[in-house]
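The values are calculated or read from the model by the stated rules, or taken from the named source; none is laboratory data. On a predicted model such as this, the values are computed, not experimentally measured, just so you know. Please note: Cβ atoms are built from the backbone with ideal geometry, for glycine as well, and neighbour counts cover all protein chains shown. Just so you know, the surface numbers come from the protein's heavy atoms only, side chains and all, with ligands and any DNA or RNA stripped out. Shrake-Rupley method; radii C 1.70, N 1.55, O 1.52, S 1.80 Å.
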Amino acid sequence: MAHLRSRRRLALAVPVVLSLTASLGFLPAAASAAPATATATATEQQAADAPVLAYVVNTKADHRTIAKVKRAIAAADGEIVIAYEKIGVIVVRSANGDFAKTLREVPGVQSAGATRTAPLAPAGTTDAGSAEYLTAADAAKLKAASAKTPGSEPLEADQWDLRAIGADKAAKINPGSRNVTVAVIDTGVDDTHPDLAPNFSTSQSANCFGGAPDTTPGAWRPYTAGDYHGTHVAGEIAAARNGVGVAGVAPGVKVSAINVTDPANGLFYAEAVVCAFVFAADHGVEITNNSYYIDPWMYNCMDDPDQRAIVDAVNRAQLYAQRKGTLHFASAGNSNHDLASDAIDDTSSPNDTTPVPRTIDPSECFDLPTQLPGVVTISATGSENLKSYYSSYGKGVVDVAAPGGDSRYQLPDTPSKNGRILSTMPNGEYAWLQGTSMASPHAAGVAALLKSKHPWLPPAALQALLKAQANNPGCPASYDQNGDGAQDATCEGGQQVNGFYGHGIVDALRAVK
């Protein structure tokens, strides 16, 4: 399964709409076909065997330009999957190895590039470690403990994370409004789960694999039980307080699913995420949760034309959604990297073919969508309100922190004493997971409570209020988690804003008061 979530914020050297001075034209028609010789036959066979890749072509967003670029795409042997004309992004498939290079020379094209390095198959998340499923014995123990607290959900005794941000108390004041929807852009959500079905919005759900939305009933569900990540995330946000299982941070709001994973390899490609942001915006979603990074590049570098096109396309889509009133949340990653440092070693990119180790400058190479402007970046904390050992961090990158779990150094006083996060899984099950993947939905849930109370707040104001209400523990005097005498991470900043927690740990109780 992809990284389901692992950077300095993209300041905005990002080409939201790159400057364009040349008038649009398109490539001349190809020369007449070669004679039918043995050489020509070999060439034709080579073309037939060429791998099909997916591309994004980014243009000036006007009908005339887009129409001419579409003709250029056809002339370069490209097949248009979908054109998002409102943002000037066209998703294309082509077996022409020179397709992107050819399109970049077309007047009116502002950037173009392949979204993957592996061929399309017929047909990355940020949790740290595998899931630990709840057993019948565990469930019985938790139900007995939960019963001691009136009004608790059957498994709530193990949800230290809710208590850490006051979400258990907040639910008694305002559980959130059904006029607010959080879209889980992820591996799909099992909307038949008894804890999710009461709050699930089918009309705001889709499958965006390939770049175009499929709203066929059930298309948004996970492909297999192993694609559990999105279902776990959804429960953390909005599992209902219905006397079943667990509770979410905002148990009264709605949750929807936009499945963006490739069914062949579980990766998150740019064209699917572009589709997800546009779909969410056009279907009235107030908040999106993004616990992943866009494959195949952990960081997309602006000096690479393919990676630059990916940044451009995704940024156009997420900014479009912000303008329509949608606030995005994204996890910071699980590499314990300082995302505000001068250099980071990236040894995993591209992750759909053979990785080529490289050292990147995080001010020039960006984690998507985490480092895009206006996206709320979340670091993870454990039960002691200390940065989780795996969580990436960085002053000026992390906006706020939220519970993501820490099974190594921060064990809570709960029946299971499990430092991870308990939530919903496909097929009516429950499991513990940890990661910044789990932190982001906690923050998104608190934002949903804020949006419920202040429905007219635009995204920027909603983010500002979330930060203002956060509680910042400040940089710890020491962060030697394993006791070897060396600091495991360095926190920069003060009590107001710092690299570990940004503006602080989110507060659900303050959100509803």
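Key figures
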item: Failed item in (1) open to solvent by 10 Å² or more (accessible area, probe 1.4 Å); (2) closer than 18 Å to Asn242 by Cβ; (3) of a type in the set (A, V, I, L, M, F, W, C), with Ala136 passing the rest; result: (2)
item: Residues satisfying the stated conditions in the stretch 422-446, i.e. under 19 Å from the mean Cα position of the chain (by Cα) and either hydrophobic (A, V, I, L, M, F, W, C) or open to solvent by 10 Å² or more (accessible area, probe 1.4 Å) (or both); result: Met425, Leu433, Met438, Ala439, Ala443, Ala444, Val446
item: Residue match in the stretch 152-173 (condition: of a type in the set (A, V, I, L, M, F, W, C) and closer than 30 Å to Tyr269 by Cα); result: no
item: Index of the failed condition, Met438 passing every other in (1) among the aliphatic types (A, V, I, L, M); (2) in contact with a Leu (Cβ under 7 Å, 6 or more places away or on another chain); (3) under 21 Å from His503 (Cβ atoms); result: (2)
item: Residue within the stretch 280-303 that is in a loop (DSSP other than H, G, I, E, B), open to solvent by less than 10 Å² (accessible area, probe 1.4 Å) and on the phi > 0 side of the Ramachandran plot present; result: no
item: Flag if Val180 is within 23 Å of Ala264 (Cα to Cα) and open to solvent by less than 30 Å² (accessible area, probe 1.4 Å); result: no
item: Segments classed as strands (runs of 3 or more DSSP E), wholly inside the stretch 313-431, with at least 2 members that are within 26 Å of Ala270 (Cβ to Cβ) and of a type in the set (S, T, N, Q); result: 376-381
item: Among the residues listed as Asp399, Asp406, the single one being crowded, with 24+ Cβ neighbours inside 10 Å, under 20 Å from the mean Cα position of the chain (by Cα) and of a type in the set (Asp, Glu); result: Asp399
item: Single match in Asn207, Asn179, Asn174, Asn199 (criterion: over 20 Å from Gly405 (Cβ atoms), in contact with an Asp or Glu (Cβ under 6 Å, 6 or more places away or on another chain) and not small (Gly, Ala, Ser)); result: Asn207
item: Residue within the stretch 247-270 that is open to solvent by less than 10 Å² (accessible area, probe 1.4 Å), small (Gly, Ala, Ser), at pLDDT 95 or above and closer than 29 Å to Leu53 by Cβ present; result: yes
item: Considering residues of the stretch 152-205 that are of a type in the set (Gly, Ala, Ser) and part of a loop (DSSP other than H, G, I, E, B) only, the residue nearest to Val512 (Cα to Cα); result: Gly176
item: Elements of type helices (runs of 4 or more DSSP H) contained in the stretch 15-125, each with 3 or more residues being at pLDDT below 95; result: 38-49
item: Residues of the stretch 459-496 that turn out to be open to solvent by 50 Å² or more (accessible area, probe 1.4 Å), touching a His at 6+ places or on another chain (Cβ under 8 Å) and in a loop (DSSP other than H, G, I, E, B), as a count; result: 1
item: Check on Ser203, open to solvent by less than 20 Å² (accessible area, probe 1.4 Å), hydroxyl-bearing (Ser, Thr, Tyr) and more than 30 Å from Ser94 (Cα to Cα); result: no
item: Considering residues of the stretch 497-512 that are among the small types (Gly, Ala, Ser) and outside any loop (DSSP other than H, G, I, E, B) only, the residue nearest to Ala332 (Cα to Cα); result: Gly502
item: One residue from Gly499, Gly405, Gly428 being in contact with a Gly (Cβ under 6 Å, 6 or more places away or on another chain), under 19 Å from Glu236 (Cβ atoms) and of a type in the set (Gly, Ala, Ser); result: Gly405
item: Hey, Gly218 at positive phi, modelled with pLDDT of 95 or more and of a type outside the set (D, E, K, R) or not; result: yes
item: Considering residues of the stretch 218-255 that are among the hydroxyl-bearing types (Ser, Thr, Tyr) and in a loop (DSSP other than H, G, I, E, B) only, the residue nearest to Ser291 (Cα to Cα); result: Tyr228
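Residues checked against (1) open to solvent by 10 Å² or more (accessible area, probe 1.4 Å); (2) farther than 30 Å from Lys451 by Cα; (3) not hydroxyl-bearing (Ser, Thr, Tyr):
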residue	(1), (2), (3)
Ala313	no, no, yes
Leu319	yes, no, yes
Phe329	no, no, yes
Pro362	no, yes, yes
Pro373	yes, no, yes
Ser383	yes, no, no
Leu386	yes, no, yes
Gly394	no, no, yes
Gln410	no, yes, yes
